[in-house]
Amino acid sequence: MSATVHCFPRQEIMKWNGWGYSDSKFLFNKKGQAEFTGKRYRLSGMILPSLQDWFENTFGASVKQHKSPPSLNAGALPPANLNEAFLQDLTATGIPFSHEADDRVFRAHGHCLHEIFALREGRGFQRVPDMVTWPNCHNDVVKIVELACKHNVCVIPYGGGTSVTGALECPPEEMRCIVSLDTSQMNRILWIDEKNLVARIEAGIIGQDLERLLNEGGYCTGHEPDSMEFSSLGGWVATRASGMKKNVYGNIEDLVVHIKVVTPRGVMEKSCQGPRMSTGPDVHHFILGSEGTLGVVTEVTMKIRPIPEYRKYGSVVFPNFEAGVACLREVAKQRCAPASIRLMDNEQFQFGHALKPQVSSIFTSFVEGLKKFYITKFKGFDPHQLCVATLLFEGDRERVLQHEKQVYDIAAKFGGLAAGEDNGQRGYILTFVIAYLRDLGLDYYVVAESFETSVPWDRVLDLCRNVKERIIRECKERGVQFQPLTSCRVTQTYDAGACVYFYFAFNYRGLADPVHTYEQVEHAARDEILANGGSLSHHHGVGKLRKEWMKESISDVGLGMLRSVKEYVDPDNIFGNRNLL
Amino acid sequence: MASTTLYSQRDPMLKKRDDFEDILEERRNSSDLKYAVRCYAPVLYKGLTPCKANMLKSMVLQSDHLRYVINQVSQESGEAPDIIHEEASVILEEMAHRLKISTVRFFAFTLTKAFKTLFQHICVNEEEYGSWYINLQQAIQEHPVVLLPSHRSYMDFLLMSYILYTYDLALPVIAAGMDFMGMKFIGEMLRMSGAFFIRRSFGGDKLYWAVFSEYVKTMLRNGFAPIEFFLEGTRSRTCKSLTPKIGLLNIVMEPFFKGEVFDVHLVPISISYERILEESLYARELLGVPKPKESTSGLLKARRILSENYGSIHVYFGQPVSIRSLAQDKVNRCKYNLVPRHIPRKPTKETQSFVTDTAYRIVRLQEDSMVLKPWVLMASILLQNLEGLELSLLTEQTLWLRGLAQSCGAFLDWPDHTPSAKVVSSSLALHRGLVCVSGGRVSLVLGEPQGLVTPEEALFNRAVSVLSCASYRNQILHVFIRPAILAVAIHNAASSKKDEVFNCFSFLCKMFSDEFILCPGDTVQDFEEACYLLVKSGSVQTLQQNIVVTDRGQSTLSFLNGLLESFLQGYQVVCQYFCEEACDSLTEKQYIPAVRSFAVKLILAGNLRCYEVLSSDMQKNALAALLRLGAVSKVKVADQVTLKVNKLAVNSLEDTLGGRLPTQKAVLARL
């Protein structure tokens, strides 16, 4: 029997062993200067003169020690374990599928450090999907799930592939045929309802496509997770995603009005699209955050908003992180948070400087120098203490300006100085390119990862300090030879707390098993987060990476509730990715 | 277990720890004034929030914790919050220190003078794992540090600050008992050298507790200074370590449990005196002569003591112990996530037992590094020979005991290259107030027999000598306590079967857990340690689940039995008192004098030869044991607390202690 081979464009333009587009990456050129290749981003094609120094000084790394990754070795892939009967029935439906090696490997992983590291080292994975199928619409998914139940094959839904929790990894103990259900062809906006400001959207659509298509009609969702270039609507629902501008638009659970999901028990959806219901526990919440363990989200009705008339960036410099956090807390208290407000610690501020592109105009650098003089000498800010908040305001012009003033007035009470629009905008531009930096690090023996949590306001500072210290301590105890980089930022504010994002990287030369060391340190850091009142995850989810803490996090009974739902909805564990529970 | 981290450093015979540096030596050869005004620039905590002692006060008064408690108290009492706030401010004013470097310099000058006359040497441990002060300096820089010295004398905390000043280390703030404050001028001086004062008892006073705990925690969180306090709560009048009080330890651990600091380091410190300044004062106090109220003039009168020789002091700084590593897998810090951190809460059972456990470990670390002088061995022997013994026999037995003590891990300071006769005679000379040699016989001094003394007075004088002498023997108890309890258990048990001996051992541990440092829950471990030590010294053999005393072990076991004899007898006398004499309306207050006069009667009638039962310390401990075991209970009648006796239970405990009743039955009788 011959498989129908389909090539879909996404895979062609994206890296198979790193983040993002194949044409975009950081590298140190022959002169040792850093540059960012390609044409897709504002930073593309630019030289970053300070990055080398920062990189070498921070990590004790050398740009001379380059490590080139091997190419994909299809031979090393475990042979596809196909279920012939399923294949026969699937072929009859006409839904495209493939069991080509590169299709399978591409969908065998997300972007955890251990996954990317394994790919780069040419080690591959113990278990990968045996085949990939591309349903085109809801009904295709219904057919596939029915066949999967009939023939007892395992289905793992695949959206944008940006998971950082090991959620896409195939359980090595899974003996059945594993089918990766790629939703990328279900990428249409089915209708837009301007009276109610909602849109019906197929769940496979990728964030940037959704935004672009809606923009054409003058609308947006306002949901902008950092991964929005590659992540899908279905993935957002399945992980309880959070967007940068949630202060205006809400997180995914606030944006979703209706969900259609195909489960082994059948299709679940609500009978109306009322804005709120009191009909027992909200069944949507079984699906939001279910991480592909219950079924496939096929269609979603989502709120949309007219594109804001005016958008303005901003930034504030604080003498230290404590002052910055106090200011964010006050902003949250007065419920006047801009669309986005993020506070970077000093390490990230330094790092941001290292990513400054070469300036051609002498005048610009003169102004920069003057600013630095003003802040450090005149205002007495210690360059090794100060930190920066970046702001994004949206709305009609007058309100934005009013809002801006309110926020800057609060900042001033905490010793914050307005530091201009450019600094703010740069911060947000960097959001999308930062993910590319890990690959650069890996080229030079540096491993890096980020993780997040949410925590009540009064514990933010203690948590940040303790987690950073724990990381440094654990690295030392586990034989990491170089001082690790630990950095954090407060990325979201809520009434009762904040979301904190940590970055953590170290030079792994001298370590026998850097990934294992890295995982031990991250594990300890998570223990520390929990001990300091932080949550297991704010928006990344649990996947397989954080399963072991679930019981502690939601109690035995809580876990039992989730288990019983899984048992009812999917008794044969067709959706067998083994996430979460 | 926490014990693994702590015990791993234990076997003292294995490590070289007898290098000490005499810090008085340099003082004797250079200017005291120069020393007092020299540059003092200690390393401080890296997370230090710089603030003055006065700012501390307002931080405390404005803390969420205190505001919460003030409101609570105000609601309960109906007083306006402002008034309660004022009360809090008064409490804080009375409590707070006013650490000033000039006062410290003043003390550096005057104490040097005093120390040089009083003591021959003040020795501080030199090397172990690198130098202790480098370790301590690092700890102070990295984390909030809590200094936990043993407490035997008023000197302790002045001495501690003096040493830290000498080594250019950060000066601590010290939790001191309120009784010092009575001494007007000195009290203020101490305050300015870093002491803060706490009332002895404030059981139910919520506001006081809140001010006090917030004050300590604020200093700890800000890294204001190392915090010093005495785990034993008060000076041990008996030179035996007191069972630790965990209140303050709880307070200093809380910022770690709540994530307010990354870690807190505890530093056990052992201060051993060859002769304690308060020696005879303590004995009198224990016998019920009220201690003189601390007053400046009293202290000046005490100048008399300046003319005496108090030998040397050894101070041993232990390795800083990280609470974070001790608490790993023992305390689930997530428990603190669900209530705002400023709301005071009783510690959970888990936390409570962790803190207790840690307190005991620290006291044991203190004990292990107590430096013991030859005299301690001699006192132990003399107390078992109250009628006196030949000097040559004393020397011989002292040498024998030295071997036994060393095999049990005692930290002995026995002079090198000195004939043993000389060691013995110079010890006798230093303690000539307690012991006399006549006609080649050594015996305890029995007070001045001149003039007409009543039999009670004679008995009292004799008791002073015995208790003073006992305070030296007590210094070595921690070395022998486990083998000694085992020895008694072997003696009392109905057979040599290991489990029967263990039952007996475990009964004794329960009985004596207020008397000796026996960590609750460690009985099995203690039993194994005792067996190991006695087997190692060749005193017992374990044969097929039997514990058998060897021939050469007889003398060891009889010595060990003798060591506990007075405690066994003392507790039995207390039991006897409760069975025979105590009336129904006996109040807690009446108990001590009543049991004392009961014992006096017994001694005068020639029915009892144990003087140590006259010690109020032993009487209190025995009562605590009886209360704990349920043989006596407290009943509150009107304002008075009376003691209700279960005679049957007391009687069976008495018989079990005396070995007249097998252990099992005693337990049954209680039920």
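A compact table of results
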{"read-out": "Residues being within 14 Å of chain A (Cβ to nearest Cβ) and open to solvent by 10 Å² or more (accessible area, probe 1.4 Å) - total across the stretch B:263-275", "value": "1"}
{"read-out": "Residues (more than 11 Å from chain B (Cβ to nearest Cβ) and hydrophobic (A, V, I, L, M, F, W, C)) located in the stretch A:462-476", "value": "A:Ile471, A:Cys475"}
{"read-out": "Search result, residues across the stretch B:621-650 that are open to solvent by 90 Å² or more (accessible area, probe 1.4 Å), in a helix (DSSP H, G or I) and free of Cβ contacts under 8 Å to residues at least 60 places away in the same chain", "value": "B:Leu648"}
{"read-out": "Any chance B:Ile517 is open to solvent by less than 20 Å² (accessible area, probe 1.4 Å), free of Cβ contacts under 8 Å to residues at least 60 places away in the same chain and closer than 30 Å to B:His431 by Cα", "value": "no"}
{"read-out": "Residue list for the stretch B:592-650, restricted to those being under 20 Å from B:Phe567 (Cα atoms) and acidic (Asp, Glu)", "value": "B:Glu612, B:Asp617"}
{"read-out": "Qualifying helices (runs of 4 or more DSSP H) (wholly inside the stretch A:27-119; at least 3 residues being in contact with a strand residue (DSSP E or B) (Cβ under 6 Å, 6 or more places away or on another chain))", "value": "A:51-59"}
{"read-out": "Flag for A:Ile529 being open to solvent by 40 Å² or more (accessible area, probe 1.4 Å), in contact with a strand residue (DSSP E or B) (Cβ under 7 Å, 6 or more places away or on another chain), outside any strand (DSSP E or B) and within 12 Å of another protein chain (Cβ to nearest Cβ)", "value": "no"}
{"read-out": "Residues being open to solvent by 30 Å² or more (accessible area, probe 1.4 Å), more than 14 Å from every other protein chain (Cβ to nearest Cβ) and more than 14 Å from the chain's Cα centre (by Cα) - total across the stretch A:435-461", "value": "1"}
{"read-out": "Among the candidates B:Ser537, B:Ser555, residue that is polar (S, T, N, Q) and closer than 30 Å to B:Ala463 by Cα", "value": "B:Ser555"}
{"read-out": "B:Glu93 vs. criteria among the acidic types (Asp, Glu), farther than 30 Å from B:Leu169 by Cβ, assigned by the TED database to the domain that holds B:Ala175 and open to solvent by 70 Å² or more (accessible area, probe 1.4 Å)", "value": "no"}
{"read-out": "When residues of the stretch A:542-555 are limited to those that are more than 26 Å from B:Arg341 (Cα to Cα) and open to solvent by 10 Å² or more (accessible area, probe 1.4 Å), the one nearest to the other protein chains (Cβ to nearest Cβ)", "value": "A:Glu548"}
{"read-out": "Condition check for B:Ala114: modelled with pLDDT under 90, touching a helix residue (DSSP H, G or I) at 6+ places or on another chain (Cβ under 8 Å) and open to solvent by less than 10 Å² (accessible area, probe 1.4 Å)", "value": "no"}
{"read-out": "Meets criteria (at pLDDT below 95 and surrounded by fewer than 21 Cβ atoms within 10 Å (Cβ to Cβ)) for A:His285", "value": "no"}
{"read-out": "Pairs with Cβ under 7 Å, 6+ apart, first in the stretch A:275-294 and at positive phi, second in a loop (DSSP other than H, G, I, E, B) and open to solvent by 60 Å² or more (accessible area, probe 1.4 Å)", "value": "A:Gly289/A:Arg240"}
{"read-out": "Selection within the stretch A:500-526 - within 14 Å of another protein chain (Cβ to nearest Cβ) and open to solvent by 10 Å² or more (accessible area, probe 1.4 Å)", "value": "A:His523"}
{"read-out": "Residue identified as surrounded by fewer than 16 Cβ atoms within 10 Å (Cβ to Cβ) and either farther than 23 Å from A:Thr453 by Cβ or within 14 Å of chain B (Cβ to nearest Cβ) (or both) among A:Gly497, A:Gly479, A:Gly558", "value": "A:Gly479"}
{"read-out": "Where B:Met160 falls short, out of the listed (1) out of contact with any helix residue (DSSP H, G or I) (no Cβ under 7 Å at 6 or more places or on another chain); (2) at pLDDT 90 or above; (3) outside the structural domain of B:Glu76 (by the TED database)", "value": "(3)"}
{"read-out": "Subset of the stretch B:326-376 (residues that are surrounded by fewer than 18 Cβ atoms within 10 Å (Cβ to Cβ) and within 12 Å of chain A (Cβ to nearest Cβ))", "value": "B:Gln328, B:Asp329, B:Asn332, B:Cys334, B:Lys335, B:Leu338, B:Val339, B:Pro340, B:His342, B:Ile343"}
{"read-out": "Condition broken by A:Gly534, with the remaining ones in (1) within 14 Å of chain B (Cβ to nearest Cβ); (2) outside any helix (DSSP H, G or I); (3) open to solvent by 30 Å² or more (accessible area, probe 1.4 Å) satisfied", "value": "(3)"}
{"read-out": "Residue within the stretch A:215-230 that is in contact with a Lys or Arg (Cβ under 9 Å, 6 or more places away or on another chain), touching a residue at least 24 places away in the same chain (Cβ under 8 Å), farther than 26 Å from A:Cys272 by Cβ and buried (at least 24 other Cβ atoms within 10 Å of the Cβ) present", "value": "no"}
{"read-out": "Strands (runs of 3 or more DSSP E) within the stretch B:125-211 that include 3 or more residues of a type outside the set (Phe, Trp, Tyr) and within 26 Å of B:Val261 (Cα to Cα)", "value": "B:145-149, B:173-177"}
{"read-out": "Elements of type helices (runs of 4 or more DSSP H) in the stretch A:324-427, at least 2 residues being among the aromatic types (Phe, Trp, Tyr), modelled with pLDDT under 95 and over 26 Å from A:Phe502 (Cα atoms)", "value": "A:362-373"}
{"read-out": "Residue within the stretch A:387-395 that is surrounded by 21 or more Cβ atoms within 10 Å (Cβ to Cβ), over 19 Å from A:Leu43 (Cβ atoms) and charged (D, E, K, R) present", "value": "yes"}
{"read-out": "Residue among B:Ser468, B:Ser506, B:Ser496 that alone is buried (at least 22 other Cβ atoms within 10 Å of the Cβ) and either touching a helix residue (DSSP H, G or I) at 6+ places or on another chain (Cβ under 9 Å) or under 18 Å from B:Ala379 (Cβ atoms) (or both)", "value": "B:Ser468"}
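The rows are residues; the columns are (1) surrounded by fewer than 24 Cβ atoms within 10 Å (Cβ to Cβ); (2) in contact with an Asp or Glu (Cβ under 7 Å, 6 or more places away or on another chain); (3) under 30 Å from B:Glu515 (Cβ atoms); (4) more than 14 Å from chain A (Cβ to nearest Cβ).
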| site | (1), (2), (3), (4) |
| --- | --- |
| B:Glu228 | no, no, yes, yes |
| B:Leu231 | no, no, yes, yes |
| B:Ser236 | yes, no, yes, yes |
| B:Thr243 | yes, yes, yes, yes |
| B:Ile246 | yes, no, yes, yes |
| B:Leu249 | yes, no, yes, yes |
| B:Glu260 | yes, yes, no, no |
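A quick yes/no check of all residues on (1) touching a Cys at 6+ places or on another chain (Cβ under 7 Å); (2) at pLDDT 95 or above; (3) of a type in the set (Ser, Thr, Tyr); (4) not in a loop (DSSP other than H, G, I, E, B):
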residue	(1), (2), (3), (4)
A:Val141	no, yes, no, yes
A:Lys150	no, yes, no, yes
A:Ser163	no, yes, yes, no
A:Arg176	yes, yes, no, no
A:Ser180	no, yes, yes, yes
A:Asn187	no, yes, no, no
A:Leu190	no, yes, no, yes
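The values are calculated or read from the model by the stated rules, or taken from the named source; none is laboratory data. Computed from a predicted model, the values in this text were never measured in an experiment. Reconstructed Cβ throughout: ideal geometry from the backbone, glycine too, with neighbour counts over all protein chains shown. Please note that ligands, DNA and RNA were not included when accessible areas were found on the heavy atoms of the full protein model with its side chains. Shrake-Rupley method; radii C 1.70, N 1.55, O 1.52, S 1.80 Å.
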